[in-house]
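S.K.: Before I ask anything, here is the structure I am working with.
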Amino acid sequence: VAVSLMVETTGNLFDWLSTHALVIPVNIGWDRNGKNVMGRGVAKDAARLWPTLPTTLGNYHRRYREGSSILPVTVFDPYGEVYCFPVKPLAEQPWLSWKSPASLELIARSADELAIFWPRLVALPRVGCGNGGLSWTVVRPILGAILDDHFVVVSLP
């Protein structure tokens, strides 16, 4: 039996930004203005902090559609780097992708891609478990099999 090296803790994900890159769980989609819909949870907080992020992400998803992968975005002053981590697939109507349930297959694909990017420490929420509707008991083993001790999962207390 493999043992996960991924670290888990509680707190505010954004408090980790000075020392870790952050993962922002997102849907693959865009609204009529071309922006990614980031209206709930960590994505909503990220969109408030970095107002250009929904446009950057929406443009990326319009270009790559279902093939959209992890998107590293450098955010400045005084922030570092975030990884937009797809958890919800592209819906037939892209502006409704945010309403879809999170996909375990997409989470696994995104985690595989994220593992390639870890030149520094990365903090992430329980991806797919908030508005995505999945249980942490289902998502944790998938992430634990892929992510090592460079990754800290931060959940609300």
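S.K.: So which pairs qualify, if the first residue must be in the range 138-157 and at pLDDT below 90, the second must be of a type in the set (S, T, N, Q), the Cβ gap must be under 6 Å, and the two must be at least 6 apart or on different chains?
M.R.: Pro157/Thr10
S.K.: Any residue in the range 59-73 that's among the basic types (Lys, Arg): show its pairings with residues that are buried (at least 18 other Cβ atoms within 10 Å of the Cβ) at Cβ separation under 9 Å, as long as the two are six or more apart or on different chains.
M.R.: Arg62/Trp30; Arg62/Pro94; Arg65/Ile28; Arg65/Leu90; Arg65/Pro94
S.K.: Any idea which residue in the range 42-67 is farthest from Asn12 (Cα to Cα), counting only those that are in contact with a strand residue (DSSP E or B) (Cβ under 7 Å, 6 or more places away or on another chain) and not hydroxyl-bearing (Ser, Thr, Tyr)?
M.R.: The extreme case among them is Leu57.
S.K.: Tell me which residues, restricted to the range 17-70, are of a type in the set (S, T, N, Q) and crowded, with 22+ Cβ neighbours inside 10 Å.
M.R.: Asn27, Asn36, Ser68 - these are the residues of the range 17-70 that are of a type in the set (S, T, N, Q) and crowded, with 22+ Cβ neighbours inside 10 Å.
S.K.: Right, next: Going through the range 14-33 one residue at a time, which ones are farther than 17 Å from Pro86 by Cβ and either touching a helix residue (DSSP H, G or I) at 6+ places or on another chain (Cβ under 6 Å) or not hydrophobic (A, V, I, L, M, F, W, C) (or both)?
M.R.: Asp15, Ser18, Thr19, His20, Arg32, Asn33
S.K.: Within the range 120-132, work out how many residues are more than 12 Å from Ile107 (Cβ to Cβ) and open to solvent by 40 Å² or more (accessible area, probe 1.4 Å).
M.R.: Residues that pass the stated criteria total 4.
S.K.: Can you tell me which residue among Ser103, Ser135, Ser69 is within 14 Å of the chain's Cα centre (by Cα) and modelled with pLDDT of 90 or more?
M.R.: Residue meeting the stated conditions: Ser103.
S.K.: Right, another one. Do you know which of the residues in the range 133-157 that are surrounded by fewer than 13 Cβ atoms within 10 Å (Cβ to Cβ) and charged (D, E, K, R) is farthest from Asn27 (Cα to Cα)?
M.R.: If we take residues in the range 133-157 being surrounded by fewer than 13 Cβ atoms within 10 Å (Cβ to Cβ) and charged (D, E, K, R), then Asp149 is farthest from Asn27 (Cα to Cα).
S.K.: Can I ask one more? List the pairs whose first member sits in the range 92-120 and is closer than 12 Å to Ile28 by Cα, whose second member is open to solvent by 80 Å² or more (accessible area, probe 1.4 Å), and whose Cβ atoms are under 8 Å apart, counting only residues at least 6 apart or on separate chains?
M.R.: Pro94/Arg62; Trp95/Arg32; Trp98/Arg40
S.K.: Then there's this: Looking at the range 2-43, which of its residues are charged (D, E, K, R) and either closer than 15 Å to Thr55 by Cα or part of a strand (DSSP E or B) (or both)?
M.R.: Correct list: Glu8, Asp31, Arg32, Lys35.
The values are calculated or read from the model by the stated rules, or taken from the named source; none is laboratory data. Just so you know, these numbers come straight off a predicted model, no measurement behind them. Counting neighbours? That spans all protein chains shown, and the Cβs are built from the backbone with ideal geometry, glycine included. Accessible surface areas use protein heavy atoms only, side chains included; no ligands, DNA or RNA. Shrake-Rupley method; radii C 1.70, N 1.55, O 1.52, S 1.80 Å.
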